[in-house]
1. Give the Debye-formula value of log10 I(q)/I(0) at each listed q (0.11, 0.12, 0.16, 0.19 Å⁻¹), with one equal scatterer per alpha carbon of the chain, two decimals each.
2. Under 8 Å for C-alpha pairs, at least 6 residues apart: give me the relative contact order for the chain, rounded to a whole percent.
3. Please list the non-local residues whose amide H lies under 5 Å from the amide H of A114, H modeled 1.01 Å from N, same-chain partners needing a gap of 5 or more.
4. Bin by bin, in steps of 5 Å, what percent of the Cα pairs in region 75-155 do you find, going until the bin that has the longest distance?
5. Against the empirical 2.2 N^0.38 Å scaling, what ratio does the C-alpha Rg of region 78-124 come to?
6. Towards the positive end of the charge dipole of the chain, with charges on Cβ (+1 Lys, Arg; -1 Asp, Glu), say which of N2, A114, G130 has the farthest Cα.
Amino acid sequence: MNKKQIELAWIIAVLVILLSWGAINIVWIGDVHNSIATENNHVSANNSSNVQLIKVQGTQWSWTFTNSSGVSTTDAFNVTVNKTVELVVTSVPGEYIAVIHDLLIPQMGIQIYAVPGQNNTIEFTPTHTGVFFFECVEYCGELHYEMRGYMTVVK
Ligand SMILES: [Cu+2]
């Protein structure tokens with residue numbers, strides 16, 4: 001092989017590696033999103049009793065979840081499968097001032113900012129029972145890594 005052919009082979013090899021890597025990731029991300037939850041792409045003013053309304057408060061450095069019965073839990077919450085969940089997310093002061101957090105539930109395809117003074121809402125419908133990891137993905141201070149927990153989807 002001359003220099004030109006070697007260069008061409010190198011370009012093609014790199015192209016094949018990057019394109020297949022990209023394709024695998026697109027398929028995998030789509031899979032995770034579609035298999036676990038269906039997301040409604042609208043912000044609802046849905047007050048129907050069929051929606052599981054959950055208030056979410058991020059603080060330094062934990063998450064508090066309050067359901068419509070007024071029951072609060074820290075770094076964990078339960079929802080019912082095949083029923084729409086509406087999260088109303090905000091940030092409240094902890095030891096110091098309120099800062100911005102960001103709630104990510106990777107397997108639900110859900111990510112939403114917790115902003116002081118703002119109620120951000122997001123809806124999704126879990127289609128599988130199980131225990132699903134969530135965490136804060138906005139660096140929010142020294143114990144940021146403690147803002148993690150599990151959402152349990154029950155029958
Ligand atoms: Cu945080």
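1. Taken in order of the listed q values, log10 I(q)/I(0) reads -0.51, -0.57, -0.87, -1.15.
2. 24 percent
3. For A114, whose amide H was placed from the backbone, the distant partners under 5 Å are H101, D102, L103.
4. Final binned percentages: 3, 15, 24, 26, 16, 10, 5, 1.
5. Its radius of gyration relative to the 2.2 N^0.38 Å reference: 1.28.
6. N2
The numbers here are math on the coordinates, done by the rules we state, and not lab data. Here the structure is a predicted model, which is why all the values come from computation and not from measurement. We place every Cβ from the backbone using ideal geometry, glycine too, and count neighbours over all the protein chains shown.
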